[in-house]
1. Along the charge dipole of segment 66-337, which of GLY305, SER114, ASN149 sits closest to the positive end, that is, farthest toward it, with unit charges on the beta carbon of Lys, Arg, Asp and Glu (+1, +1, -1, -1)?
2. Report the one residue of PHE80, LEU49, ALA170 whose Cα lies farthest in the direction of the positive end of the charge dipole of the chain (charges on C-beta: Lys and Arg +1, Asp and Glu -1; origin at the Cα centre).
3. Over segment 66-337, what per residue volume does the convex hull of the Cα atoms give, in whole Å³?
4. Could you give log10 I(q)/I(0) at q = 0.24, 0.25 Å⁻¹ for segment 313-381, computed by the Debye formula over C-alpha point scatterers of equal weight, without solvent?
5. Search the structure for amide H atoms under 5 Å from the amide H of VAL379, placed 1.01 Å from N in the peptide plane, and list their residues when 5 or more places away or on another chain.
6. If we count trypsin sites (Lys or Arg not before Pro) as exposed when they sit in a DSSP loop and have at most 16 other beta carbons within 10 Å, what is the longest stretch of the chain that avoids them all?
7. Between segment 54-86 and segment 279-351, how many Å separate their Cα centres?
8. Report the normalised scattering of segment 195-321 as log10 I(q)/I(0) at q = 0.11, 0.20 Å⁻¹, calculated by the Debye formula with identical scatterers on the alpha carbons.
Amino acid sequence: MITDIENLAAKDRQYLWHAMTPYNEQNPPMIIEEGKGSWIADASGNRYLDGMSALWCVNIGYGREELAKAAYDQLKKLSFGSMLQSHEPAIRLAEKLNEWLEGDYVVFFSNSGSDANEVAFKIARQYHEQNGEGNRYKIVSRYRAYHGNSMGALSATGQSQRKFKYEPLAAGFLHVPPPYGYRRPDGMSVEQFNLQCAKDLEQTIVWEGKETIAAVIMEPAITGGGVIVPHPVYMEEVERICRKHGVLLIIDEVICGFGRSGRKFGHMNFGIKPDIVTMAKGLTSAYLPLSATAVRKEIYEAFKGKDDYSHFRHVNTFGGNPASCAVALANLDIIEREGLVERSRVLGERLAESARGWLKHANVGDVRSFGFILGIELVADRRTKEPLPLAQVAKIISACKAKGLIIGKNGDTVDGFNNVLTIAPPLSSTDDDLAFIVSTLSEVLASM
Ligand code: PMP
């Protein structure tokens with residue numbers, strides 16, 4: 001246990017630049033010391049159930065010795081090998097991902113979800129260029145979606161509060177509205193509204209000039225942007241529209257992948273076949289950094305030797321790091337052995353059932369779930385659906401934390417869309433963990 005907490009906290013304030021945190025909220029910093037299962041402990045010994053799996057990523061829970069050993073063994077044997085060469089952990093992992101994807105894919109490894117999406121965009125553009133359609137450079141994504149922090153991935157992101165300080169961003173990125181069923185026009189069914197959103201996407205593609213569109217990128221369900229879950233007809237239509245107009249469909253599985261959605265991958269809930277799948281987070285359960293861009297074999301074929309420039313002209317030093325790949329393999333082994341994809345579905349259904357009971361509270365406007373992800377949309381008035389002000393949302397999150405439960409929320413302070421509580425615990429959570437989450441949220445929501 002850390003004994004000199006005050007000194008450490010002072011050094012934190014002096015030297016460490018925190019992510020996404022207003023300076024006045026960094027004091028005192030939450031210094032985490034250890035984790036086991038779904039629980040973490042801070043330096044003062046306070047225990048919290050991590051209801052967000054950190055950043056939606058510690059899917060098999062904390063403290064798995066098997067993963068530590070996989071990293072140790074691999075680091076001793078071969079500490080580094082780049083993807084200019086090859087090594088066994090990368091080969092075995094690419095094969096394993098192909099099995100998980102249930103299709104014929106070739107895998108490119110990188111470091112982060114943002115990297116994986118950048119790779120997808122570059123592959124999409126180069127693919128069209130090499131197919132004689134060099135005009136196809138635009139990438140279409142959705143408002144509310146998050147696709148990463150780097151200039152391309154941020155350009156695809158549809159959340160103004162993350163972008164406006166850094167503009168101008170990359171050229172050629174367009175956005176369409178998401179199928180946000182809770183806020184659909186009066187008199188329209190959720191299904192009709194979802195079909196309308198798909199039509200709007202097609203209209204955008206046609207009006208922009210379909211011969212200028214390279215790809216559409218979307219998560220199976222928008223996660224961080226407010227847990228916006230599509231009706232199945234939407235995803236079926238999106239796939240059909242992409243095929244019809246020769247546009248590649250990139251599915252961002254950075255959060256939804258590896259069982260989080262109750263299926264191996266989120267898109268499998270809709271029976272669609274993406275051209276490109278990007279993944280990170282749950283690939284290693286965040287024990288080490290690693291991401292992947294899986295590309296349909298036919299697309300990969302277009303990169304085979306027409307001229308000196310037809311191969312993919314992209315490298316990153318750490319992508320496919322041997323220890324990261326070994327850890328990913330051990331992680332996938334645990335998910336398979338412990339049946340965590342199925343467990344995620346079962347836990348998610350149980351959590352969603354409890355959450356429906358919270359609709360009786362005046363400030364709970366909607367509850368939405370996708371596998372073991374829950375979103376609770378808080379409103380000041382259920383009739384007008386006016387969002388609950390941020391200060392009140394923050395109070396609920398603090399009240400949960402005071403009772404030992406960490407949950408998240410969408411959004412930031414600029415666009416007024418900060419009113420969805422998010423919950424995505426480790427898929428390995430026990431029945432007691434789930435009971436604790438439900439009872440804590442029940443108490444806090446009842447006291448609003
Ligand atoms: N895509 C999605 C859907 C994400 O949620 C995130 C990160 N939260 C990213 C991409 C970017 O991943 P990273 O932070 O690893 O770059």
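Every number in this text was worked out from the coordinates using simple rules, so none of it is lab data. Because the structure is a prediction, the values reported are computed rather than measured. Don't worry about glycine lacking a Cβ; one is built from the backbone with ideal geometry, like all the others, and counts go over all protein chains shown.
1. ASN149
2. ALA170
3. Values: hull volume 35.4 nm³, N = 272.
Per residue, the Cα convex hull of segment 66-337 comes to 130 Å³.
4. Scattering profile of segment 313-381, log10 relative to I(0): -0.97, -1.01.
5. Placed amide hydrogens put VAL364, GLY365, LEU388 under 5 Å from VAL379.
6. Working: sites that count: LYS304, LYS306, ARG313, ARG382, ARG383, LYS385, LYS403.
It works out to 1-303.
7. The two parts, judged by their Cα centres, are 13 Å apart.
8. The computed values of log10 I(q)/I(0) come out as -0.45, -1.22.
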